[in-house]
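Below you'll find the structure, written out as structure tokens, and then a few comments.
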Amino acid sequence: MTHDHDLELRPTEEQTEAALNPPPGRNGGDLVVETLAGLGATTVFGLPGQHALGMFDALRRSSLRYIGLRVENNAGFAADAYGRITGEAAPLLLSTGPGALTSLAALQEAASASAPVLAISSQIPTAGLGGGRHGYLHELPDQSASFRGVVKSVHTVRSQSQIPSAVAEAWRSALTAPHGPVWVEIPQDVLLAETSLPVVTAPDAVPEELAPRVELTAVAADLLSRAERPAIIAGGGVVRSDASGKLRQLAEKLDAPVVTTFGGKGAFPWEHPLSLQSWLEDRYMTDLLEDADVLLVVGSGLGELSSNYHTFKPRGRVVQIEADLGKLESNHPALGIHADARLALQALLETVSERTDVTAPERVRDVLGRIAGRIAGQELTLEQDVLASVRRALPAGSPSFWDMTILAYWAWSAFDPRGANTMHSAQGAGGLGYGFPAALGAAAADPTRPVLAVSGDGGALYSIAELATARQYDLPVTWLIVDDGGYGILREYMTDAFGQATATELTRPDYVALAESFGVPGVRTSPETLEADLTKALATPGPSVVVLPAVLRMFAPTHLG
């Protein structure tokens with residue numbers, strides 16, 4: 001008897017012919033790029049290096065589009081953003097030793113934000129593996145050890161026949177919830193050697209689904225159905241799993257207010273009557289969440305930023321849905337449901353009973369009004385006006401990428417992203433230099449809409465070299481640089497803590513002239529002209545830079561009292 005799957009494994013005549021007579025001139029690098037293409041990749045990011053040249057030479061013979069950045073860390077940020085925007089595992093091609101290690105900060109951000117990145121690095125020749133001190137260029141005793149504490153999985157290749165399976169398994173790992181970065185390393189000689197192996201066609205790498213246990217969702221549904229004051233915290237897991245529609249349906253069925261974490265921006269409509277927006281760094285919000293008799297936490301570990309710096313102490317029952325097992329109940333006891341947010345929300349939708357609470361929108365308005373009143377009492381008109389100008393200038397549906405800078409900290413709480421998966425920042429790992437290279441990755445993913453990057457002058461200096469990348473590939477990214485002459489937030493922190501700041505002031509270039517030296521148009525703006533200048537820049541094809549000289553202040557924290 002012949003089974004259907006037996007027929008699927010039987011090659012066609014064309015496949016047999018191609019396998020028996022592979023094209024000449026291929027090497028191990030070809031097996032890498034053929035596997036990537038077979039998995040569905042269309043674009044790769046990276047930076048060449050001596051040990052990795054076999055991969056980069058193979059790109060010439062492939063249909064893959066290559067976007068080359070100037071610094072490996074920036075290439076990692078670009079791949080991170082591409083993965084967030086497309087939901088695909090973004091390939092990142094790197095060299096050995098210094099090239100590989102320079103990507104670590106970007107991979108930490110991807111891990112913290114659950115962005116699928118498939119990093120493929122070269123290695124020293126096979127003879128040097130194993131920890132001996134052979135003296136190869138870029139040699140490390142154990143290169144992969146540097147990545148094991150950062151990425152989801154590590155895959156080391158030692159022969160060409162291992163390449164397709166290792167890359168496919170890494171792809172599957174990156175796209176299995178929770179998404180994240182993975183690491184593959186391949187020795188130089190394996191990449192360079194000629195290969196007679198057949199062309200890689202369509203490797204099987206379907207990610208596993210992380211479904212919730214039905215007995216747990218049944219208990220959660222019962223708790224939510226009988227709750228008097230339910231509330232929902234929606235984290236980045238809702239965005240990563242494309243579950244914002246299901247979240248809205250559940251919130252409306254339960255009449256439950258929803259606040260999004262900074263990583264979950266856009267998971268719930270900003271102006272919805274049940275929307276608490278993103279004001280997590282405010283005691284009024286913390287009080288409301290603590291008062292919930294049942295709190296549903298979806299796709300968040302309730303870490304430092306999502307818990308008002310660990311001052312949040314829930315008094316009611318917590319139900320936590322989380323794909324990252326390490327985050328489940330790591331900060332608060334809960335009914336922990338290890339599952340993908342989309343699948344768990346669907347299970348709850350099918351089992352909760354509809355409830356009506358006419359007071360819920362009123363409580364939402366009251367809390368947001370109290371927060372607005374607190375901010376209004378701090379004389380922060382400049383900061384609010386600048387953020388409002390950015391929002392009016394940025395077209396709806398256009399993504400924005402924010403570096404670690406004071407305006408971004410405002411945006412975490414106060415910026416309406418106008419859609420799911422449109423606002424992204426480096427708040428996962430908190431490293432500088434994310435905004436601009438990430439925006440380049442997003443523009444590579446979808447060049448039909450303008451992309452905004454926002455940096456301070458300190459963060460801008462981390463990625464200024466990528467103006468060359470923006471110009472080379474003519475990517476539609478407008479880069480807003482808020483120039484306050486130093487590391488502004490650190491200046492505030494140190495002044496508050498010690499009475500004065502040290503090591504925070506920076507000598508910086510003329511950013512407009514510097515941009516123009518790369519062939520990128522630049523303009524110096526003011527708070528009064530920001531909206532018009534930013535609107536014009538975003539509407540102009542290709543890259544541009546808008547520099548805003550301004551010293552912005554943060555609103556006062558509420559977790560220190």
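The values are calculated or read from the model by the stated rules, or taken from the named source; none is laboratory data. From a predicted model like this one, the values you see are computed outputs, not experimental measurements. Glycine also receives a Cβ, built like all others from the backbone with ideal geometry; neighbour counts cover every protein chain displayed. When the accessible area is computed, the model is the full protein with side chains, heavy atoms only, and any ligands, DNA or RNA have been set aside. Shrake-Rupley method; radii C 1.70, N 1.55, O 1.52, S 1.80 Å.
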Test: Pro447 is in contact with a His (Cβ under 8 Å, 6 or more places away or on another chain) and touching a residue at least 24 places away in the same chain (Cβ under 8 Å): no
Some residue of the stretch 133-142 being aliphatic (A, V, I, L, M) and under 22 Å from Gly433 (Cα atoms): no
Answer residue from the stretch 400-421, given it is of a type in the set (Ser, Thr, Tyr) and open to solvent by less than 10 Å² (accessible area, probe 1.4 Å) and is farthest from Gln277 (Cα to Cα) among those: Ser400
Residues located in the stretch 170-187, provided they are closer than 27 Å to Lys327 by Cα, of a type outside the set (A, V, I, L, M) and out of contact with any Pro (no Cβ under 9 Å at 6 or more places or on another chain): Pro178, Trp183
Test: residue in the stretch 464-482 that is over 24 Å from Ser103 (Cα atoms), touching a Ser or Thr at 6+ places or on another chain (Cβ under 9 Å) and open to solvent by 60 Å² or more (accessible area, probe 1.4 Å): no
Hits in the stretch 240-249 - residues which are within 20 Å of Pro273 (Cα to Cα) and surrounded by 24 or more Cβ atoms within 10 Å (Cβ to Cβ): Ala243, Leu247
Helices (runs of 4 or more DSSP H) contained entirely in the stretch 12-86, each with at least 3 residues that are open to solvent by 40 Å² or more (accessible area, probe 1.4 Å): 13-20
Matching option when the condition is at pLDDT 95 or above, among the basic types (Lys, Arg), over 19 Å from Ala267 (Cα atoms) and in a helix (DSSP H, G or I), among Arg449, Arg374, Arg355, Arg391: Arg374
Residue check, Asp30 touching a residue at least 40 places away in the same chain (Cβ under 8 Å) and out of contact with any strand residue (DSSP E or B) (no Cβ under 8 Å at 6 or more places or on another chain): yes
Some residue of the stretch 494-515 being at pLDDT below 95 and among the basic types (Lys, Arg): yes
Meets criteria (in contact with an Asp or Glu (Cβ under 6 Å, 6 or more places away or on another chain) and crowded, with 22+ Cβ neighbours inside 10 Å) for Gly441: no
Failed criterion for Leu93 (all others in (1) open to solvent by less than 10 Å² (accessible area, probe 1.4 Å); (2) touching an Asp or Glu at 6+ places or on another chain (Cβ under 9 Å) hold): (2)
Gly428 being modelled with pLDDT of 95 or more and assigned to a loop (DSSP other than H, G, I, E, B): no
Per-region count, the stretch 212-221, residues open to solvent by less than 60 Å² (accessible area, probe 1.4 Å) and within 30 Å of Ala89 (Cα to Cα): 2
Among the residues listed as Ala503, Ala532, the single one being exposed (fewer than 15 other Cβ atoms within 10 Å of the Cβ) and on the phi > 0 side of the Ramachandran plot: Ala503
Tally of residues being outside any loop (DSSP other than H, G, I, E, B) and either exposed (fewer than 14 other Cβ atoms within 10 Å of the Cβ) or out of contact with any Gly (no Cβ under 9 Å at 6 or more places or on another chain) (or both) across the stretch 302-317: 2
Test result for Ala113, open to solvent by less than 40 Å² (accessible area, probe 1.4 Å), within 28 Å of Ser425 (Cα to Cα) and hydrophobic (A, V, I, L, M, F, W, C): yes
Conditions (1) assigned to a loop (DSSP other than H, G, I, E, B); (2) open to solvent by 10 Å² or more (accessible area, probe 1.4 Å): number failed by Glu290: (1)
Filter result for the condition that a residue is on the phi > 0 side of the Ramachandran plot and buried (at least 24 other Cβ atoms within 10 Å of the Cβ), over Gly266, Gly299: Gly299
Answer residue from the stretch 366-395, given it is charged (D, E, K, R) and in contact (Cβ under 8 Å) with a residue 40 or more places away in the chain and is least open to solvent (accessible area, probe 1.4 Å) among those: Glu383
